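Written below as structure tokens is the structure these notes are about.
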Amino acid sequence: QVQFVESGGGLVQAGGSLRLSCAASGITSTIFGMGWYRQAPGKQRESVGNITRAGNLNYSDSVKGRFTISRNAAKNSVFLEMNWLTPEDTAVYYCKMWTWRDDYWGQGTQVTVSS
């Protein structure tokens, strides 16, 4: 049974920073990649960025230069460092990990940025 523990969300003022953490247990196949998505009210879920098994990083244009993804592969953990937050970053943030066969999603953590 796959379980996720996401943490680090909260309320922050514009210009502030937050660090999200996501740890998975129970994934028995090789993890090909880890990433973060977000979903704002009334909007579709969108990719924030990801890190591949080889360590390659990809970011959406809206967060490039402000957000940083890192991981601890040995502990099936992925992190999202968010700096210079704006109200447009307000959303529920989900981590995702995938194998050759399956996608696994975290439960989500709320990030709210006040102006």
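The table below lists the values:
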quantity: Selection within segment 25-51 - hydroxyl-bearing (S, T, Y) and touching a Phe, Trp or Tyr at 6+ places or on another chain (Cβ under 7 Å); calculated: S29, Y37, S47
quantity: Single residue of segment 94-115 satisfying the filter (within 13 Å of the chain's Cα centre (by Cα) and among the polar types (S, T, N, Q)) that is most open to solvent (accessible area, probe 1.4 Å); calculated: Q107
quantity: Count of segment 1-20 residues which are surrounded by 17 or more Cβ atoms within 10 Å (Cβ to Cβ) and more than 16 Å from V63 (Cβ to Cβ); calculated: 2
quantity: Within segment 69-93, tally of residues that are within 15 Å of the chain's Cα centre (by Cα) and basic (K, R); calculated: 1
quantity: Test: R66 is modelled with pLDDT of 95 or more, within 10 Å of the chain's Cα centre (by Cα), surrounded by fewer than 17 Cβ atoms within 10 Å (Cβ to Cβ) and not polar (S, T, N, Q); calculated: no
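Let's see how each residue does on (1) of a type in the set (A, V, I, L, M); (2) under 16 Å from the mean Cα position of the chain (by Cα):
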| residue | (1), (2) |
| --- | --- |
| V5 | yes, yes |
| Q13 | no, no |
| L20 | yes, yes |
| A24 | yes, yes |
| W36 | no, yes |
| Q39 | no, yes |
| R45 | no, yes |
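The values are calculated or read from the model by the stated rules, or taken from the named source; none is laboratory data. All of these numbers come straight from a predicted model, not from anything done at the bench. FYI the Cβ positions are ideal-geometry reconstructions off the backbone, even for glycines, and counts take in every protein chain you see. Side chains included, ligands, DNA and RNA excluded: accessible areas come from the protein's heavy atoms. Shrake-Rupley method; radii C 1.70, N 1.55, O 1.52, S 1.80 Å.
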